[in-house]
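We did not get these values from a lab; they are worked out from the coordinates using the rules stated. All of these numbers come straight from a predicted model, not from anything done at the bench. All Cβ positions, even for glycine, are placed from backbone atoms using ideal geometry, and neighbour counts span all protein chains on display.
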Protein chains: 4
Amino acid sequence: MDTNPVAEKLGRPLRLGVIGGGPGSFIGAMHRTAARLDGRYDLVAGVVSSDPVRSRRAAVSYGILADRAYGDPIEMLESETHRDDGAEVIAIMTPNDTHHPYALAALDRGFDVICDKPLTNTMAEALDVVDKVQETGLTFCLTHNYTGYPMVRQARAMVADDQLGEIRLVQVEYVQGGKADEVDPDPTAEPPWRYSPVRGGPSLVMGDIGTHAHNLARFVSGLEVTEVSAEVGHVIPERLVDDFGSAMLRFSNGAKGSFWVTQTAAGVENCLRIRVSGTRGSVEWWQEWPTRLVFTPLDGPAQHFTPNGPGTLPPARRASRIVAGHPEGFHEGFANIYSDAAEAIAARRTGTQPDPLALDFPDHVDGAIGVAFVEAAMASTAAGSAWTEARVRF
Amino acid sequence: MDTNPVAEKLGRPLRLGVIGGGPGSFIGAMHRTAARLDGRYDLVAGVVSSDPVRSRRAAVSYGILADRAYGDPIEMLESETHRDDGAEVIAIMTPNDTHHPYALAALDRGFDVICDKPLTNTMAEALDVVDKVQETGLTFCLTHNYTGYPMVRQARAMVADDQLGEIRLVQVEYVQGGKADEVDPDPTAEPPWRYSPVRGGPSLVMGDIGTHAHNLARFVSGLEVTEVSAEVGHVIPERLVDDFGSAMLRFSNGAKGSFWVTQTAAGVENCLRIRVSGTRGSVEWWQEWPTRLVFTPLDGPAQHFTPNGPGTLPPARRASRIVAGHPEGFHEGFANIYSDAAEAIAARRTGTQPDPLALDFPDHVDGAIGVAFVEAAMASTAAGSAWTEARVRF
Amino acid sequence: MDTNPVAEKLGRPLRLGVIGGGPGSFIGAMHRTAARLDGRYDLVAGVVSSDPVRSRRAAVSYGILADRAYGDPIEMLESETHRDDGAEVIAIMTPNDTHHPYALAALDRGFDVICDKPLTNTMAEALDVVDKVQETGLTFCLTHNYTGYPMVRQARAMVADDQLGEIRLVQVEYVQGGKADEVDPDPTAEPPWRYSPVRGGPSLVMGDIGTHAHNLARFVSGLEVTEVSAEVGHVIPERLVDDFGSAMLRFSNGAKGSFWVTQTAAGVENCLRIRVSGTRGSVEWWQEWPTRLVFTPLDGPAQHFTPNGPGTLPPARRASRIVAGHPEGFHEGFANIYSDAAEAIAARRTGTQPDPLALDFPDHVDGAIGVAFVEAAMASTAAGSAWTEARVRF
Amino acid sequence: MDTNPVAEKLGRPLRLGVIGGGPGSFIGAMHRTAARLDGRYDLVAGVVSSDPVRSRRAAVSYGILADRAYGDPIEMLESETHRDDGAEVIAIMTPNDTHHPYALAALDRGFDVICDKPLTNTMAEALDVVDKVQETGLTFCLTHNYTGYPMVRQARAMVADDQLGEIRLVQVEYVQGGKADEVDPDPTAEPPWRYSPVRGGPSLVMGDIGTHAHNLARFVSGLEVTEVSAEVGHVIPERLVDDFGSAMLRFSNGAKGSFWVTQTAAGVENCLRIRVSGTRGSVEWWQEWPTRLVFTPLDGPAQHFTPNGPGTLPPARRASRIVAGHPEGFHEGFANIYSDAAEAIAARRTGTQPDPLALDFPDHVDGAIGVAFVEAAMASTAAGSAWTEARVRF
């Protein structure tokens, strides 16, 4: 558990530059901790606020040297691309509408990219990014971090290993309470970016957590959502943005699904749950108790898997740093995504073979599929919940 | 906890006759145990099989005297109605299509009725029963037994007490695995009654467990489902009957709901779960761990209520026979329905006032609303999951 | 699950008379419900209070006919022994000091006996009862009801089946909070019987719950406690009776044990837990979530057994009345003890063979071993927690 | 949650040198991850194996520059003490018998010290370290990492805040299964250090996990163990080292305790659990589900606290990096100890005031008290479990 394949391959950690995640950003600290946890990245450059003065000051407080604490993303990309010790990877954790331009700008200059979800706010933008990644051959990692949990990877691996048989049923829910009591911003003033359809995307709840739930369902089941009958909207009457999304799903193999996301369940913290059933058994996993995967086989008692415990498969074992019974959590799951991307990037940059188990991190294609799902759910809502195709065609 | 109001009011338990529930019936033993548990009924008469010989033999084995072990329901009703010590209450636990004729026959002869769910297979039949109950003034109890659990009643009481505020969200799921691996009966032969649309009703899964889930959602939330967008069908391709039902719900006050029932989740036992959220907090309850109700208030730590534990409200306390920490379960919940009905019946028959808290058992109106929901879900399915009105109008 | 072997063997339920359990008694309602639940007993006679007037009135309220609602135990035993339809079984649920005389009186008159725990207050009395049972050949059942839970029987059966290998470790705790805040009775007045060393026994907590914990450890492990190092006393300084007992245990095969009982853990309800480990695996069971038995094998993921679920063994299946996923609880566990005793009694009375699986209910010998354990724990306490032999020699 | 007080105070992270934790060491990776997680340390020097060649190679693989990858601890301490950019803090994670000499050597040269538990193998050595720390005024942190969990700190804070009232009862157990099936090393050969009484200490299980359990009981309860009646030994007959320890405890205020540690519970992972009861309520915490603290108040429903959730107190909030519902685990708890020590060290080195909430990390005095407890438990065992004083007098 001590090996550091990235450092071994490169002789050093990857050099990382960040865009976004300054003071007040919840997700910024997560990204930086994830990058730091396994020692596979050095944070060397950053622009962390749209205000240049604040950006430079905060970047220095994160340990970035003053001359690489930038005030503007393009300035940073330009500058870093010309340094011998310049950043190699750019992590983007800005408002959703800027993922598209920053990702393109970084890819155009040869940087590998790690980007927060959702990929973009529109399908057209998503396809732009997909095209650019394919054109450049660079690595693109989308931080659907919940796929980094060892027990989520165990569930996916058990499905892939046919331990559940043919998948028939998928239930996914992502229930939070953060907006249960929140007073929305004054609609006559400039809203915070999340509340702006232009900046945050067409559906607040779907961009924030709906794409996570959808991606998790795909990741565990190994299936694609092909059609959706949805109702996306708001349960707080006076609210102007979406705070809940409900859907019935049809999957590529005929399996049925249920989807339920909201941020208005008072007192609920971060309740992401999934259950997947096949002909041979069912699995259930909860993010709030992430070290447990319940497997109910058709003909035996329920089995409770734990990270690195008996019965765990290689993709799960690889995602855990510690012997069974020592809980890992959100940071480690997020770090697994970062470290897997590092493995892929370092291998490509050194012309070596990456660990194949590292290549299962979410990417630009997953991102485009997520954007297509959000668009399909909204189209279905507008059509009285009519069944609507959810697939993206490349 | 020792008082027996029925016996006190009548000077004796109520005399009970049963129709159905013979050897091989899962639900028959439940009904008889529920009737016996609190000592509020004496089982005095029965016809427990459609085969007269088997019926009489089995009825005697249940402790019924030979001369009141009948071979035919109408024979029993006629005979018992002419005895001085004749049955007063008839419990019906026969195939679904016979609920209607037996209930009418019993009501017509002055018997109070306890009937298994679903009320009937069609809306027309349901309205017949509703009319007959209203015309006769007799008591009709429908055994949606899950409403008898103390913590379900606590949840309902907390909602009624406004501890959750205005209800916004309702999730209900009833997931079983019993039909995950079951080979369906030969379609060219006479099917068991559950597999016959005529006898078991238009939708196997909806009649079996869908009506329970729907009724539980109404009971806890205190709201009615007004519209449904549903997909009811079968996930096992070769199956001819319904084994899953998925729906999005709209409630009378604008709340949103999610509904998911299936009998094909391999290895899952009897996973009935509900979560209800309002402006002040959320509750969650699971049938498989029934002594716990989780309440997450908007601004405090999660609270876990237990039967007769601190914070339980009168309707919950009334439904528990024992001090906190001594688990009660399925039988006691079922018995609560029976004993509440006994309280109502005894009070009416003696002209006394019943305990008002006893009058919250499910009845003919709940049954009709359940049948309307099944019909609406099926109509929605046929219309491509179009939103369909679910209310019954009396 | 419909069969009623007792009724089949006798052609009727056993006739039961009760001593004790009147108004205000927690345990009385439990006994009567346990007797009634499976229909294997008819409650025909009783003396339920030491006050004759109260006794007769309360007995009638329990459904006993007036002429068999007695005012004195010996009067009842005498009268019932001379009736053709007299009670066959006497259930004793009186203050602890009267178990001995009432049990002897009942056995002397040919009644089978069901008796609440502890068997007696002294070892000499316990041996008297043991001798009398052996002399008369009658059936004696001690209601260590926790051994009636299906998952406790599953644990015992798995040990007996060698699924855990050689047992090495036993942890048992019984933690309640009922006396955490209770003000003890005025020591200058006549105390309630539990608080009187003469009536309630030498150690309140050990008699109340310590004997349950000790018996459960023996039942699951299949081992005897041979030596004990204990500290029994009170944690509430001003208290005059014992409210906690702590002990280290040595078992007959060299296994080690931990024992902890108290009634002063504020807010805790009825937390009886046991964990037993052997060379091949460990099991853990909690009374407050009784439908789950966790088994951690040496080399596989944890398995969670449920009543009637996959992997349950015959002694567990026999103890459950219902399909998996429908929780049973305290009443059913208690009823299992009663119904097993009924099976044994009916078989002996009819000269037939009982179901061998029914013969595992706790009896007079278990009771004597429990009294010996209490005495050893107290002797150890008096000797500065010196290791003290805990076995009874017959 | 973004602030980095250490870096702010010093203008940079603390420079860390490590002794021990090379390839094959479980705990080495934990220490390094803990140091790295919050960015409060830079790992600049190390000697990580007793084999100089292996040490230097492995140290480089951990990112240490070649000229500071040492082959001998004293060489490292000497060299680093003479560098301008030399290490400031030394972390010791070597076999137990070397904690004493390395700690003294580091303290003598002015390094602050972070040391793995147990402090030392003997009381005399422990007092040496205590004296040296007091003499030098340097910071000494002992990694009883379980005290770093947010919910453990919440429990301690609730006790300190008198939310539990006067403490009466403490139960602690640390149950593992790692040595359930392990074949001990050949006793005729040189044993691995843990199995050597000279190197690993007088009691394998007590040094490994017994000191953690004892320290956790003290930390949460705020009380000292004053007397112990113990049985420490081995349950695997052929084993030559201790694999289980059982004890009854008496605390400074008269509270009673139960202590149970073993590494032979087959299939159990890392089951550290504690329950503490006072006059107003009880708390229970399990390491394997660390984000939950159950509080049962005397007069209200059970409350389940979560990190950063409602009701958490400042010491708990300070120990969590992320909003409620995003689980942190073992690494973060360990990192809290490291980061608290960094806060204390940086404040002392810069002459500023540390955050008072950072000063609650375990130290040399806790270590000495732990060694005294082990010695008392062993003395009690040798004296037939006689009650033995457990306090250390300084």
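Here the Gaussian network model covers chain C, with springs between Cα atoms less than 10 Å apart; of C:F373, C:F26, C:F140, C:F26 fluctuates the most. Each Lys and Arg Cβ is given +1 and each Asp and Glu Cβ -1; about its Cα centre, segment A:76-195 then shows a dipole of about 420 debye. Note on segment D:193-326: Kirkwood hydrodynamic radius from all Cα pairs is 16.9 Å, rounded to one decimal.
Distances between copies at D:D131, taken between label points 7 Å from Cα along the C-beta direction, are 6.8, 7.9, 10.2 nm in increasing order. In a reduced charge model with +1 at each Lys and Arg Cβ and -1 at each Asp and Glu Cβ, the protein assembly as shown shows a dipole moment near 0 debye about its Cα centre.
Each of D:K117, C:K132 has some number of other Cβ atoms within 10 Å of its Cβ, and from fewest to most they run C:K132, D:K117.
Determine the shielding of peptide A:151-157 by partner chains: average, over its residues, the number of Cβ atoms on other chains within 10 angstrom of each Cβ. Walk me through the intermediate numbers first.
Working: counts 0, 0, 0, 0, 0, 0, 0.
The shielding value for this peptide is 0.
Distances between placed amide hydrogens fall under 5 Å for D:S385 paired with D:A230, all partners being 5 or more residues away or on another chain.
How many partner chain Cβ atoms sit within 10 Å of a residue's Cβ in peptide B:24-36, on average, as a whole number? Could you put the intermediate results ahead of the total?
Numbers: counts 2, 2, 5, 0, 2, 4, 4, 0, 2, 9, 0, 0, 5.
Per residue, the average neighbour count from other chains is 3.
Sorting C:V371, C:V323 by the number of Cβ atoms found within 10 Å of their own Cβ, with the fewest placed first, yields C:V323, C:V371. An oblate overall shape is assigned to segment D:171-225, the ratio a/c of its alpha-carbon gyration tensor axes (a ≥ b ≥ c) being 1.5 or greater and a/b not exceeding b/c.
Considering chain B as a Gaussian network with a 10 Å cut-off on Cα pairs, which listed residue, B:R250, B:R280, B:R83, attains the greatest mean-square fluctuation? Looking only at B:R250, B:R280, B:R83, the largest GNM fluctuation is found for B:R83.
For the pair D:F26 and C:D299, a Förster radius of 22 Å applied to the C-beta separation gives a FRET efficiency near 0.65, rounded to the nearest 0.05.
If I require 24 Å or longer along the helix axis, counting alpha carbons, and a Kyte-Doolittle average no lower than -0.5, what helices from chain D are left? Use full DSSP H segments. Could you put the intermediate results ahead of the total?
Working: long enough: D:330-350 (30 Å, -0.19); D:364-382 (27 Å, 1.06).
Answer set is D:330-350, D:364-382.
Using R₀ = 60 Å, calculate the FRET efficiency as 1/(1 + (r/R₀)^6) where r is the Cβ-Cβ separation of D:R393 and C:Q353; round to 0.05. Could the numbers behind the result be given before it?
Numbers: r = 69 Å, r/R0 = 1.15.
FRET efficiency, D:R393 to C:Q353: 0.30.
For chain C, the tally of Lys pairs with Cα-Cα distances below 30 Å comes to 6, considering only residues 8 or more apart or on different chains. Over what distance in Å are the Cα centres of segment A:241-269 and segment A:175-214 separated? So the separation of the two Cα centres works out to 16 Å. Amide H to amide H, with H built 1.01 Å from N, B:S282 comes under 5 Å of B:T296, counting only residues 5 or more places away or on other chains. For the segment A:302-312, counting C-beta atoms of other chains within 10 Å of every residue's C-beta and taking the mean gives 5. Residues in segment A:222-232 carry Karplus couplings, in order, of x, 10, 9, 6, 9, 9, 9, 10, 10, 10, 10 Hz; the curve used is 6.51 cos²θ - 1.76 cosθ + 1.60 with θ = phi - 60°, and Gly or Pro positions show x. First check a/c for chain A, with a ≥ b ≥ c the square roots of the eigenvalues of its C-alpha gyration tensor; if it is under 1.5, answer rounded, and if not, answer prolate when a/b is larger than b/c or oblate otherwise. Verdict is oblate for chain A. Restricting segment D:333-394 to trypsin sites (Lys or Arg not before Pro) that sit in a DSSP loop and have at most 14 other Cβ atoms within 10 Å of their own Cβ leaves D:R391, D:R393.
The ranking of C:M123, A:M30 from fewest to most other beta carbons within 10 Å of each one's beta carbon is C:M123, A:M30.
To the nearest 500 deg cm²/dmol, what mean residue ellipticity at 222 nm is calculated for chain D from DSSP H runs of n ≥ 4 alone, each contributing -39,500 (n - 2.57), summed and divided by the residues? Could you put the intermediate results ahead of the total?
Details: 12 runs with 132 residues, N = 394.
Result for chain D, helices only: -10000 deg cm²/dmol.
Shape verdict for segment C:5-145, please, from the Cα gyration tensor: rounded (a/c under 1.5), prolate (a/b greater than b/c) or oblate. Judged from the Cα gyration tensor, segment C:5-145 comes out rounded (a/c under 1.5).
Between the listed residues A:A69, A:T33, A:T94, the Cα displaced farthest toward the positive end of the dipole of segment A:5-145, a dipole computed from Cβ unit charges relative to the Cα centre, is found at A:T33. The GNM of chain C, with springs linking C-alpha atoms under 10 angstrom apart, assigns the highest mean-square fluctuation among C:T352, C:T122, C:T188 to C:T188. Just the ratio, please: alpha-carbon radius of gyration of the protein assembly as shown over 2.2 N^0.38 Å, N its number of residues. This ratio for the protein assembly as shown stands at 0.95.
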